[in-house]
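Remarks on the structure that follows.
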Amino acid sequence: MQKPSINIYGPFQALDCDGNRVELASTKARHIFTALIMAYPEPVQRELLCRMIWPDSSDESRKVRLRQEVGILREFTARLERDEMLVVDKGFLALNIDAVSIDCLESRQLYSAFSSTLPLDDRLNNLTEQIRILGRGQIAPDAQNLFDTERKRKCARLTTARIELTKLYIDAGRLPEARKVLDAVLDEHPENEIAKALSARLLETPLQFAQQDDTKQVTPSPEIVKVSSGNWLKRANWKVRLGLAAVVLAVIVAYVFPTKVNLISPTPTTATKTPPITQIIAYQHTPAPDELNESEFLDVARTYDGMAAVAGIVKTKTEDVDGLVTLLGPDMKAKWTRRFTSSSHDCDRLESVRFDTVKNVYAGGETYLIKQPDRKDGWYGSVVSYDADGKLRFKAFTKRQIIHGSEVKRRIVADERGGVWYCTSTAESGKERIFATHFDSNGRITNDIVISGVQAKVLAFNRHTQDEYVISANAVTNKPKTGVTGLVASFNNDGRILWTSTVEPATGTFTTTSEILAVQDEYHFIGGLTNTLDTGTNQIKLEPSIAFVNVHTGATWRVSSIKPDIPNPYVSLFGNSRSGEVQMVVKESLVDSRTPIDLYVFDSVTGAIKQSHKLTLPDGAFLTQVRRYVTNPKNGSMQVITNTARDIGTNQSHAIVVSTITKAGQTTHEVYKNVDRVTLNVINQTTGVGQVDMGGRWPATVFSLPYPD
């Protein structure tokens, strides 16, 4: 007996275990069901559903109608013989679809499988099947405008799948199939830059002919016998031969020599606004009776429906420092606040926070433990977890001591099974080594791995797939002058290290500076500096660079370097706000520099620079840190968020500057002044955390910043 199946792509259709069609006649019920599938595995709030389905009705009318449609959905799931599929709670609706086949979820799983380390043939089959599923048509056509966004995502996934299939066919040498799939992309999207780059790559690939098998009698094709590639080239006219020579020369230059692009001249600022800082303050921590008026949020995580978890520190009246965790609703009002402490007069800091799919909150940082029976006095990694209602799930500490200080990051990633991985560096035995500790849903240590053979300090850590994790760090080397190089390592949930790799440019070494690991398709993107020794002056030259590291093997495919025009540069990477692009910022690494900021957009397939801009801050604003660089896919405008300093030579900030560059090249600034000190950490487009002076009080603050409209 087969599973019940539901088709979302194309006309809505449901079949029971015997293959009989089960009708869901209510249009609104289909809307609700489709919305729950699109959100899976997350639940959807009742209020959000009501506003989406009945935007013009009153609150009471919406509630009555939703109850009616939920009743229709219950009858639908009963006819499918899956009563448990619809989960109805007081505040939300969700689906339990473990025993049901749904085409859009199957498509997601196929792409996830493609991204893993499957054999080539299996990955080809997965992408081919995904394209077949995605090609069925629109999503729930009767849903009118409700799922326009998801329709666009489906089209984007279809294009991405075809492009990835083209790459695999090229790698496998199956060029006719690659040409056929790529033509389908170019027919629909003739301006797609990745598709055009792949098309050029196909044109450059030499013709390959199958070797004749002596055991079989095969009649050669007359065309192949009579017209070889060399003969064809000889017979072609001089214009064709000249064009081919130009293409080949351009490709050789692009791939052999590092990219060197001079920036365009700066665009004059067209407007500077100075709104009050209170305009972007969304939430501030209120101290408890035993707390001082000084606290700070250090990290933020957000869910699909706008909830936010923030973590940081708070000082107490007993001169202690405790960890601080707060869960905020979509309205940025606190649902609960918890304080994390190990014991009296110890120091606890929480620097990283994450959600899992059921909205358990995890926070990680460092703790100074004293008088522990199984640990020496010193700094250890710490992790605490709460459920969505603020109930403590566990708090735990690493067995290994950690390196204390800002040059090493302490990062966590939820494993989506109720547990969490904690990653940083240890200095045990006098050597700095990367380690990762896995805590299960009860806080017990189940894995504790060390990247042996290298001395390194962690900068970034995230999950690549459901079962694979990746670390970016700087490793100690024996190379002259530089002494360090970029290190990337990958491991799985079982604690098995899949690969470790150093980033090796053609000359010199690579130093990682970016604290963010971006990933797209086949590559991790690492931002940093290429360090080259100038033999003439015996000085180190620093070139801003971006490294492309294969997600399956760790091999460095390319290091794209930029001609430096900033003294003492520093590189930050800000991920992919657009498909097929990677965004990088280069600034002066000295505090309070007045040097303009360089902005770059890289092509994630070729490594070429697609855009470059130079941003000058308003008069009187001196850069201390770039906190966010994002591109709006809808209109092409870019946004850069920075901290600025009051005086050159100080480390105090007095403003947050939100700079927007339109597609036409015009620049505007919004300067939020009257801030004596702020540590802005902008995450997920619009939310930042830090600390501001509120008349002598220093409360932990959550900022809500504008997106580049």
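The values are calculated or read from the model by the stated rules, or taken from the named source; none is laboratory data. Owing to the predicted nature of the structure, the values given are computational and were not obtained by experimental measurement. FYI the Cβ positions are ideal-geometry reconstructions off the backbone, even for glycines, and counts take in every protein chain you see. In case anyone asks, the SASA skips ligands and DNA or RNA and just uses the protein heavy atoms, side chains included. Shrake-Rupley method; radii C 1.70, N 1.55, O 1.52, S 1.80 Å.
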Could you list, in sequence order, the residues of the stretch 354-378 that are open to solvent by less than 50 Å² (accessible area, probe 1.4 Å), part of a strand (DSSP E or B) and either more than 26 Å from Ile281 (Cα to Cα) or not small (Gly, Ala, Ser) (or both)?
Phe355, Val361, Tyr362, Glu366, Thr367, Leu369, Arg375, Gly378
For the stretch 1-101, give me every one of the helices (runs of 4 or more DSSP H) that falls completely inside it and has 1 or more residues that are polar (S, T, N, Q), open to solvent by less than 70 Å² (accessible area, probe 1.4 Å) and touching a strand residue (DSSP E or B) at 6+ places or on another chain (Cβ under 9 Å).
27-39, 59-79
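Kindly establish whether Ser295 is open to solvent by 40 Å² or more (accessible area, probe 1.4 Å) and either modelled with pLDDT of 90 or more or in a loop (DSSP other than H, G, I, E, B) (or both). Walk me through how you get there before you give the answer.
Numbers: open to solvent by 40 Å² or more (accessible area, probe 1.4 Å): no; either modelled with pLDDT of 90 or more or in a loop (DSSP other than H, G, I, E, B) (or both): yes.
In short, no.
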Any chance Ser107 is assigned to a helix (DSSP H, G or I) and open to solvent by less than 60 Å² (accessible area, probe 1.4 Å):
yes
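May I ask you to say which residue of Thr553, Thr532 is in contact (Cβ under 8 Å) with a residue 12 or more places away in the chain and part of a loop (DSSP other than H, G, I, E, B)?
Thr553
Within the stretch 133-146, does at least one residue satisfy the condition of being at pLDDT 80 or above and open to solvent by 50 Å² or more (accessible area, probe 1.4 Å)? Explain how you work it out, then say what you get.
Within the stretch 133-146, the first condition is being at pLDDT 80 or above, and the residues that meet it are none.
No, the stretch 133-146 has no match at all.
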Name the pairs whose Cβ atoms lie under 7 Å apart, with the first residue in the stretch 174-190 and closer than 14 Å to Leu158 by Cα, the second of a type in the set (Val, Ile, Thr) and in a helix (DSSP H, G or I), and 6 or more positions between them or separate chains?
Val181/Thr166; Leu182/Thr166; Val185/Thr159; Val185/Ile163; His189/Thr159
Name the residue, out of Ala414, Ala396, that is within 17 Å of Ala309 (Cα to Cα) and not aromatic (Phe, Trp, Tyr).
Ala414
Residue under evaluation Gly306, criteria (1) assigned to a loop (DSSP other than H, G, I, E, B); (2) open to solvent by 20 Å² or more (accessible area, probe 1.4 Å), criterion not met:
(2)
When Gly508 is evaluated against the numbered criteria (1) under 16 Å from Thr556 (Cβ atoms); (2) at pLDDT 85 or above; (3) surrounded by 22 or more Cβ atoms within 10 Å (Cβ to Cβ), which criterion, by number, is the only one it fails?
(2)
Please give the number of the condition Asn442 fails out of (1) touching a Lys or Arg at 6+ places or on another chain (Cβ under 9 Å); (2) polar (S, T, N, Q); (3) open to solvent by less than 50 Å² (accessible area, probe 1.4 Å).
(3)
Scan the stretch 1-55 for residues that are touching a residue at least 60 places away in the same chain (Cβ under 8 Å), aliphatic (A, V, I, L, M) and within 15 Å of Ala99 (Cβ to Cβ) and jot them down.
Ile6, Ala14, Ile37
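Just need a number here: residues in the stretch 405-421 that are assigned to a loop (DSSP other than H, G, I, E, B), small (Gly, Ala, Ser) and touching a Phe, Trp or Tyr at 6+ places or on another chain (Cβ under 8 Å). Talk me through it step by step, then tell me what you get.
Of all residues in the stretch 405-421, those assigned to a loop (DSSP other than H, G, I, E, B) come to 405-410, 415-419.
If we keep only those that are small (Gly, Ala, Ser) as well, we get 405-406, 418-419.
In the following step, the residues that additionally are touching a Phe, Trp or Tyr at 6+ places or on another chain (Cβ under 8 Å) were identified as 419.
Total satisfying the criteria: 1.
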Top-ranked residue of the stretch 379-403 - restricted to ones that are closer than 27 Å to Gln45 by Cα and of a type in the set (Lys, Arg), ranked as surrounded by the fewest Cβ atoms within 10 Å (Cβ to Cβ)
Lys391
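Residues are listed down the side, and each one gets a yes or a no for (1) touching a Gly at 6+ places or on another chain (Cβ under 8 Å); (2) modelled with pLDDT of 85 or more; (3) surrounded by fewer than 22 Cβ atoms within 10 Å (Cβ to Cβ):
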site: Met584; (1), (2), (3): yes, yes, no
site: Glu588; (1), (2), (3): no, yes, yes
site: Arg594; (1), (2), (3): no, no, yes
site: Phe602; (1), (2), (3): no, yes, no
site: Pro618; (1), (2), (3): no, no, yes
site: Leu623; (1), (2), (3): no, no, no
site: Asn632; (1), (2), (3): no, no, yes
site: Met638; (1), (2), (3): no, yes, no
site: Thr642; (1), (2), (3): no, yes, no
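Conditions tested, residue by residue: (1) at pLDDT below 90; (2) open to solvent by 60 Å² or more (accessible area, probe 1.4 Å); (3) part of a loop (DSSP other than H, G, I, E, B).
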residue: Ser429; (1), (2), (3): yes, yes, no
residue: Phe435; (1), (2), (3): no, no, no
residue: Thr446; (1), (2), (3): no, yes, no
residue: Val454; (1), (2), (3): yes, no, yes
Of the criteria (1) closer than 24 Å to Gln455 by Cβ; (2) surrounded by 19 or more Cβ atoms within 10 Å (Cβ to Cβ); (3) modelled with pLDDT of 85 or more; (4) among the polar types (S, T, N, Q), which one Thr532 fails
(3)
Taking the conditions exactly as written (open to solvent by 30 Å² or more (accessible area, probe 1.4 Å) and either under 20 Å from the mean Cα position of the chain (by Cα) or closer than 27 Å to Thr500 by Cβ (or both)), does Leu542 satisfy them or not?
yes
Do we have Thr318 as among the hydroxyl-bearing types (Ser, Thr, Tyr), open to solvent by 10 Å² or more (accessible area, probe 1.4 Å) and outside any strand (DSSP E or B) here?
yes
Could you tell me how many of the residues in the stretch 329-353 are among the basic types (Lys, Arg) and in a loop (DSSP other than H, G, I, E, B)?
1
